[in-house]
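Data first, discussion second: the structure below is written as structure tokens.
The values are calculated or read from the model by the stated rules, or taken from the named source; none is laboratory data. Fair warning: this is a prediction, and the values are worked out from it, not measured in the lab. Cβ: placed from backbone, ideal geometry, glycine included. Neighbour counts: every protein chain shown.
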Amino acid sequence: MENRLADFEAAGVRPVAISVDGPELSRDLARKAGYTFPILSDPDAVVIRRYHILHTAGGPDGHDIARPAEFLVDSSKIVQWTNFTEDLRVRARADEMLVAARKLR
Amino acid sequence: MPDGTQRRSNVAPWWGLLFAIVALGCNAAFFVGVPFQAAVTWLSLLFAAVALIFLVTGLKRAFRQPEVYRGKVLTVVLTVISLLPAGLSALGFVGARKLPGATEAPQVGQKLPDFTLADTSGKPVSLDQLLANSSSASPRPPSSGAQTPKAVLLIFYRGYW
């Protein structure tokens, strides 16, 4: 993801990561992994619930987390592309997301 | 023991072991990020099933046709060894798919409800803000004067632990 950031920027798309992790944990992740795109925290899964992608008790200690999901949202907040994996091991690849990003007008 | 007729070696459990290892080895694909990962998950399950067929065949040959096939003990040992990787890949398949559906989630063409969430510095950031400017969140200089992004790619993930 990070090493394709320039490609996303060129396509006019800003990637944003969201999880239930608190800001401190996300900051650690960003520092360790060298991520420079925004990482947002939804510790009480408010937005995750609003978007109906809650994985109840999916976390390691039984807390509620997000199921993996990707939304490409245009400037009018209309969803242009989505990806909801059926298998945890299979994630949207940067290549696929860039194809969707470049189709935007 | 040798009665003139050579008993055949029972190769089925060896095939079983091979397929079981390949089934488990398929999971390596998820770490290196190859394309067609969804197909790989099914391939992994298919290989585990093929392994099981070979193992059952091997056991049948060893115990029902001992006059034709050699190696009862070896067959049992190979079967036990093979069951671990085959079972792990089958369990991995089932476990990785224990995900709630996303049928209620916003679909293409629908409008996303706005949100405001804290970034890594604790500063609240809204979807509107993300769409509006090349905020301080991105330290890189914006390319070719594109100050406002055309779109935001929201990536929900399970968390880091």
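Being of a type outside the set (S, T, N, Q) and at the interface with chain B (Cβ under 8 Å from one of its Cβ atoms) is the filter; apply it to region A:35-45 and report the residue that is surrounded by the fewest Cβ atoms within 10 Å (Cβ to Cβ).
A:PHE37
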Inset, instruction - For region B:63-78, indicate whether the set of residues that are assigned to a helix (DSSP H, G or I), closer than 30 Å to A:ALA94 by Cβ and of a type in the set (Ser, Thr, Tyr) is non-empty. - result: no
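Matching residues to (1) over 27 Å from the mean Cα position of the chain (by Cα); (2) at pLDDT below 95; (3) crowded, with 16+ Cβ neighbours inside 10 Å:
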site: B:PHE36; (1), (2), (3): no, yes, no
site: B:PRO66; (1), (2), (3): yes, yes, no
site: B:LEU99; (1), (2), (3): no, yes, yes
site: B:THR103; (1), (2), (3): no, yes, no
site: B:ASP114; (1), (2), (3): yes, yes, no
site: B:LEU131; (1), (2), (3): yes, yes, yes
Legend entry - Selection count where residues are crowded, with 19+ Cβ neighbours inside 10 Å, within 7 Å of chain B (Cβ to nearest Cβ), of a type outside the set (Asp, Glu) and not in a strand (DSSP E or B), scope region A:59-94: 6
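With the condition kept exactly as written, say whether any residue in region B:92-115 is among the hydrophobic types (A, V, I, L, M, F, W, C) and more than 7 Å from chain A (Cβ to nearest Cβ).
Yes, region B:92-115 contains a residue that is among the hydrophobic types (A, V, I, L, M, F, W, C) and more than 7 Å from chain A (Cβ to nearest Cβ).
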Legend entry - Set B:ARG8, B:ARG61: member being of a type in the set (Lys, Arg) and surrounded by 16 or more Cβ atoms within 10 Å (Cβ to Cβ): B:ARG61
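Looking at region A:1-34, which of the residues that are in a loop (DSSP other than H, G, I, E, B) and surrounded by fewer than 18 Cβ atoms within 10 Å (Cβ to Cβ) is farthest from the other protein chains (Cβ to nearest Cβ)?
We begin by selecting, within region A:1-34, every residue in a loop (DSSP other than H, G, I, E, B); these are A:1, A:11-12, A:20-22, A:34.
When the remaining residues are screened for being surrounded by fewer than 18 Cβ atoms within 10 Å (Cβ to Cβ), the result is A:1, A:22, A:34.
Details: A:MET1: 8, A:GLY22: 8, A:GLY34: 12 Å.
For region A:1-34, the residue satisfying everything is A:GLY34.
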